[in-house]
Amino acid sequence: MQSRLFLTAVLCAAFAAAAAPTLSQQAPTPGASPMYAHHWPKPTNLKVLPKDTSPEQLHKIMDGIADSLGVHCSFCHVMNEQTHHMDFASDAKPDKNMARIMMRMMQAINTQYLPQIHDPDAMPEDKHVTCGTCHQGHQMPPHFVPPPEHHGPPMANMPRPGL
């Protein structure tokens, strides 16, 4: 159950953290978008995601993360200057390590804490957090400003008890 929740969270997640090797120039994957029309090699350097994550699963996960943060691959990954392709396996960018930390935090929230909360009104999507839960399409989570409280008329207009 924990691995299912973890994979669900990661699939919906938003921080580009895991790594795949440099893209090769092989035949397109059927159904792949034109922007990414190529064969996805076996992922390497996976430190948070399960080692048996398929290339297609990883691509979906990374797309979800990028969408959740409103970023592109280069946010966490570097370009190989010799091949002019993204070097997804490289750990050169600090943002990639931060993404891994955030993914582990998400895993802990989804597997350790949320199962302790029994809310009969919660929808299935409320039973796990994703990168998008906080980031909402922004590189940094937007600052939350609570709305002004509206609990009735101001106290100055209220009758004073006992008077």
Selection status of residue 118, surrounded by 10 or more Cβ atoms within 10 Å (Cβ to Cβ) and of a type outside the set (Phe, Trp, Tyr): no
Tell me yes or no: at least one residue of the stretch 90-101 is surrounded by 12 or more Cβ atoms within 10 Å (Cβ to Cβ), part of a loop (DSSP other than H, G, I, E, B) and modelled with pLDDT under 95. no
Quick one: is residue 31 at pLDDT 50 or above and either small (Gly, Ala, Ser) or part of a loop (DSSP other than H, G, I, E, B) (or both)? no
Here are 121, 126: which of them is over 27 Å from residue 40 (Cβ atoms) and outside any loop (DSSP other than H, G, I, E, B)? 126
I want to confirm something. Restricting to the stretch 79-89 and keeping residues that are under 17 Å from residue 40 (Cα atoms) and free of Cβ contacts under 8 Å to residues at least 40 places away in the same chain, which single residue is surrounded by the most Cβ atoms within 10 Å (Cβ to Cβ)? 79
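The values are calculated or read from the model by the stated rules, or taken from the named source; none is laboratory data. What you see is a predicted model; the values in this text were computed from it and never measured. So basically every Cβ, Gly included, is an ideal-geometry build from the backbone, and we count neighbours across all protein chains shown.
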